[in-house]
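Report on the structure given below.
The values are calculated or read from the model by the stated rules, or taken from the named source; none is laboratory data. Here the structure is a predicted model, which means the values were calculated and not measured. Note that we place each Cβ from the backbone using ideal geometry, even for glycine, and neighbour counts take in every protein chain shown.
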Amino acid sequence: MKSNVFKNLQRKARNWKKWSALAIVSVVFSSATWADILNVAVASNFASLMPSIVKGFEAQTSHKVRVSYGSSGKIYAQIRHGAPFDVFLSADQDKPNRLIAESLAVRDSQFTYAQGQLALFAPRLTDESNTPKQIVMSQKFNKLAIANPKLAPYGAAAEQVIRALVQNGSLTEQIQTKLVTGENINQTYQYVVSGNAELGFVALSQVTNQPSNTVWKVPTRLYSPIKQDAVIVESSRHLDAAKQFTDYLKAPSVKEVIEAHGYLSP
């Protein structure tokens with residue numbers, strides 16, 4: 001009798017060890033698969049905000065985020081050619097619209113996360129008698145930097161502003177000869193900071209900490225709204241995590257951060 005009891009206890013102990021081992025393996029496997037690494041492609045104008053946004057998201061979830069920056073047009077082309085992005089934060093609505101039309105983005109994932117504002121930045125030419133706006137209209141400069149209008153929405157907006165300010169075909173052509181074109185808005189900003197251009201049209205978010213006399217906040221009536229949309233890429237292998245990230249961008253606390261950096265509420 002004692003022998004049978006002992007054998008039963010041994011059998012139960014072996015079974016307990018087996019199921020415990022399976023449970024440990026299951027927990028480890030679940031943890032490894034649940035924590036995803038998201039590849040997020042972001043328009044260059046939004047670069048200054050992403051570190052704090054990523055930090056907050058990673059603290060709230062177990063996911064990690066890798067960020068790639070570039071012009072919206074270039075990122076769009078990369079996604080079309082199979083770049084392994086999970087989420088795309090564009091500087092316009094056009095590129096996300098196209099991706100959805102081409103079945104390359106999740107149809108119901110598109111939303112406006114920010115509305116950008118344009119600024120004219122002239123750190124070296126301005127004084128009390130010359131505002132950045134007056135400098136452009138007087139053409140007392142050698143080089144004016146703008147982002148590539150074909151790739152960057154801020155560049156297209158800059159072209160609209162130049163036409164609205166000058167309102168003269170020949171003068172517009174003269175200004176065209178003085179343009180330095182950046183591939184994206186970050187490169188455009190660097191042209192001005194480095195002195196390769198005396199002034200430039202940049203994102204307001206890039207110059208919020210600059211002296212007020214060096215920055216002209218361009219009235220929004222002079223250019224089409226720069227509504228910036230996000231989408232989840234259709235080929236993403238981490239759709240649940242991607243949805244968590246886009247939902248996080250809609251949180252009131254994140255919206256406050258976005259507005260504090262020179263963007264308008266969507």
Q.
Anything in region 90-105 that is farther than 22 Å from Ile258 by Cβ and either in a loop (DSSP other than H, G, I, E, B) or of a type in the set (Phe, Trp, Tyr) (or both)? List them, or say none.
A. Glu102, Ser103, Leu104
Q: Just give me the residues in region 173-188 being hydroxyl-bearing (Ser, Thr, Tyr) and at pLDDT below 95, in sequence order.
A: Thr177
Q. When you scan region 213-230, how many residues do you find that are hydrophobic (A, V, I, L, M, F, W, C) and over 19 Å from Ala47 (Cβ atoms)?
A. 3
Q. If you go through region 45-76, how many residues are within 21 Å of Asp92 (Cα to Cα) and touching a residue at least 60 places away in the same chain (Cβ under 8 Å)?
A. 12
Q: With a cut-off of at least 1 residues that are among the acidic types (Asp, Glu), name the strands (runs of 3 or more DSSP E) lying wholly within region 166-250.
A: 226-232
(Q) Let me spell it out: the conditions are (1) outside the structural domain of Asp92 (by TED's automatic domain parsing); (2) surrounded by fewer than 15 Cβ atoms within 10 Å (Cβ to Cβ); (3) touching a residue at least 40 places away in the same chain (Cβ under 8 Å), and Leu204 meets all of them except one. Which number is the exception? (A) (2)
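For every residue, the table says whether it meets (1) of a type in the set (A, V, I, L, M); (2) surrounded by fewer than 17 Cβ atoms within 10 Å (Cβ to Cβ).
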site: Gln139; (1), (2): no, yes
site: Ala147; (1), (2): yes, no
site: Ala152; (1), (2): yes, no
site: Gly155; (1), (2): no, no
site: Gln174; (1), (2): no, yes
site: Lys178; (1), (2): no, yes
site: Gly182; (1), (2): no, no
Q: Within region 222-230, identify whether any single residue is out of contact with any Asp or Glu (no Cβ under 8 Å at 6 or more places or on another chain) and β-branched (Val, Ile, Thr), and answer yes or no.
A: no
(Q) Looking only at region 108-137, filter to residues that are part of a loop (DSSP other than H, G, I, E, B) and at pLDDT 95 or above; which one of those is surrounded by the most Cβ atoms within 10 Å (Cβ to Cβ)? (A) Gln117
Q: Answer yes or no: is there a residue in region 13-35 that is closer than 20 Å to Ser235 by Cβ, modelled with pLDDT of 55 or more and aliphatic (A, V, I, L, M).
A: no
